[in-house]
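Written out below as structure tokens is the structure these notes cover.
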Amino acid sequence: MLQILRKKAQSTFIQIIVVIIALVFIFWGVGSNLGDGRQAALVVNGEEVTFQQYQKAYDSAYQRLSDQFGGNVPKGLAETFGLKQQVINQLVQTTLLRQGAAEMGIMVSSDEIRDFIQGMVQFQENGAFSIERYKAILAANQMAPTKFEESLRFDRLSEVAAREIGRFASVVTDSEIQDTYSRLNEKLAVKYVQLSPGDFVDKVTVDDATLAAWFETVKDRYKSEPRMKLKYLLFTYDDIAGKITIDKAKIEEFYQDNLDTFKEPEQRHARHILFQAEEGDSAQVHEEKAKKAEEVLQLAGKGEDFTSLASEYSEGPSKSTGGDLGFFARGRMIPEFEDTVFSMQPGEISEVVKTSFGYHIIKLVEIKPAATRPLDAVTDEITETLQQREAESLAFQVANDAYEGIISAGSLEQYAENRKDITILETDFFTRSNAPAELKNDQQFLDKAFELNKGELSSLVKGSTGYAILFAEDIKEPEIPQFASIKEKVEADYRKVQSQELAEAAAKEMIGSIRAGKTLENAAEERGLTVKESGFLGQNGAGEKTSFPTSLIQDAFLLSASSPVPEEPGRDGDDYYVYTFTDRQIPTMPETGDEKEKYRENLQRFKQQQLISAWLRHLESKAEITKHESL
């Protein structure tokens, strides 16, 4: 029974808990729908979500995704993350959450709306709320305070609903905390041997007859790729966007409507001195590093130059720059380090701070307050966004006109004959792997091209980068080469496959002999293999430095003293591993410090999220939801 429980614990439960440590339940503002007669993007139980609201949510989501990758993610790449569907799902869930809250009598009080407005930086002067600024900004956007507050109340209802529903989650008990802590932090040690196919290559025998017979069973592996010759027209969003002029009024309107997008959080500039000591290091190592950190802290406290101390003593990668970490906002550093930095004042030096990396001494250099980027600084960015948005619509119109012209003219060449602005792009024979860049970078274009028959004109093809019209001028079907022409490659592949099978067979034979009573050492000695020890490993691979594959650690955690051998050998890449259980460490949650409360908070948040998700699934199962065909 213990083995079964342990197996389940290593799978979904643990993975969810690990992820939930950093989970924050964020709602995208849907915006109110007060008498807006435009066509709806979504309709949820009769309530409309307009295209303007959808676009606002999409732009916000896209900006967050782009920020995670350094601020430069093409729209086509964003869609590979399923961004559109994520936005649709979130808008539906937010609407359902708000509707459910209204049915339950959950409301947003006037006091809460007032406090929220007073906390908005857009309406503040010198850090304090300004009623004059509030009225002026609303007047500039042609919105009365009552309408704005009603809209805000409407939007915030979903957030309040999530908060109120989350309060029904059961309280986290000490036993739940202990169980979770033990499962996340337990460690395991194994002994193992590694069997590589390369060690068995010399044992593979090959003759021409065997090789030829094997080739007949796998010859499709050597079939050439299909090739085609193409003529095509491209209408990319980027090309069309560059020809679109955006007036200043639209730029200013977009800026005011998306002020939250241009907010920059408070950032802090810090230096640190690190004495490395990881969780898997011995108690002696930790004691030595902590002592050394205290000694250097005393030197810093006596006025010695912090930068020089970091250059001399720090063991981290920033040693060469005097411990300089540059500016960073919350969310960039591990919690213990970040909490210390954001509680300090410029020039202040911290006490020794322990993290999973070791022991730190931190000096706060400078604070850069939160701010909203001015319009002048983001004009180019907004212009590009608006150009791209308009280009998506205009590209279809231009491409569709061209397609209708081609059909009327009878061929691509005849259509382009008297149009100097049209350039027919042509290729030589190409395969999927060496296609022209503009086709290879847009999977929809490439897929459609290879669906065409010789002499066939495509329909108007919509891709992630724009539209295309494709004509298959010629096609060469895949061919199987003659055995003699690729004999060397076939022989190399045959040896690799056979040596792989020999390595696997040897590993399985070792498992069988160990199960029959032999020790791992005896089984390894018979084959001339070396037994290695993993040292204690955490479930995420953290611990002593080892060559035992991280990919096999979860399977290793299923072993125990009563069941020390897996049923099958492990495989990582081409290599096989035979391993046996040696020891397990199950830690107890420390009663001192704030770690226990952090676990309690994270588990409580997890329970709240589960409750909200279950409630939303129930609402969605009963809801009537439609979306516009263009989505």
Considering each residue of segment 277-316, count those that are of a type in the set (A, V, I, L, M), out of contact with any helix residue (DSSP H, G or I) (no Cβ under 6 Å at 6 or more places or on another chain) and closer than 16 Å to T355 by Cβ, and give that number.
4
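From the list D220, D238, exactly one residue is within 30 Å of E426 (Cβ to Cβ) and in a helix (DSSP H, G or I). Which is it?
Details: D220 fails: within 30 Å of E426 (Cβ to Cβ).
On inspection, the qualifying residue turns out to be D238.
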Just checking, which of D421, D401, D376 is surrounded by fewer than 20 Cβ atoms within 10 Å (Cβ to Cβ), within 30 Å of K263 (Cα to Cα) and without any contact (Cβ under 8 Å) to a residue 40 or more places away in the chain?
D376
Log entry, pairs with first residue in segment 594-623 being in the same structural domain as R163 (by TED's automatic domain parsing) and within 15 Å of N89 (Cα to Cα), second being of a type outside the set (G, A, S) and surrounded by fewer than 17 Cβ atoms within 10 Å (Cβ to Cβ), beta carbons closer than 8 Å, six or more apart or on different chains, reads I612/F25; A623/N45
List every residue pair whose Cβ atoms sit under 8 Å apart, with the two residues 6 or more apart in sequence or on different chains, where the first one lies in segment 139-154 and is free of Cβ contacts under 8 Å to residues at least 40 places away in the same chain and the second, anywhere, is exposed (fewer than 14 other Cβ atoms within 10 Å of the Cβ) and part of a helix (DSSP H, G or I).
P145/K135
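This table checks each residue for (1) buried (at least 17 other Cβ atoms within 10 Å of the Cβ); (2) assigned by TED's automatic domain parsing to the domain that holds G573.
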| site | (1), (2) |
| --- | --- |
| Y181 | yes, no |
| V193 | yes, yes |
| S196 | no, yes |
| D208 | no, yes |
Would segment 70-89 turn up any residue that is at pLDDT 80 or above, in contact with a strand residue (DSSP E or B) (Cβ under 8 Å, 6 or more places away or on another chain) and closer than 27 Å to K250 by Cβ?
yes
Would you mind stating whether T592 is more than 25 Å from E159 (Cβ to Cβ), surrounded by 12 or more Cβ atoms within 10 Å (Cβ to Cβ) and of a type in the set (V, I, T)?
no
Taking I165, is it modelled with pLDDT of 80 or more, β-branched (V, I, T), in contact with a Phe, Trp or Tyr (Cβ under 7 Å, 6 or more places away or on another chain) and under 20 Å from S613 (Cα atoms)?
yes
Give the residues of segment 121-145 that are closer than 16 Å to T372 by Cα and β-branched (V, I, T), sorted by residue number.
V121, I137
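Does Q414 meet the test of being assigned to a helix (DSSP H, G or I) and within 18 Å of K231 (Cβ to Cβ)?
Numbers: assigned to a helix (DSSP H, G or I): yes; within 18 Å of K231 (Cβ to Cβ): yes.
Yes.
Quick check on segment 548-556. Is at least one of its residues among the hydroxyl-bearing types (S, T, Y) and outside any helix (DSSP H, G or I)?
Of segment 548-556, the ones among the hydroxyl-bearing types (S, T, Y) are 550-551.
Those still in the list that are outside any helix (DSSP H, G or I) too: none.
No.
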Output for Cβ contacts, cut-off 9 Å, separation at least six or different chains, first residue not assigned by TED's automatic domain parsing to the domain that holds G358 in segment 310-325, second aliphatic (A, V, I, L, M) and surrounded by fewer than 16 Cβ atoms within 10 Å (Cβ to Cβ), reads none
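The values are calculated or read from the model by the stated rules, or taken from the named source; none is laboratory data. This is a predicted model, so every value here is computed, not measured. Note that each Cβ is placed from the backbone with ideal geometry, even for glycine, and that neighbours are counted across all protein chains shown.
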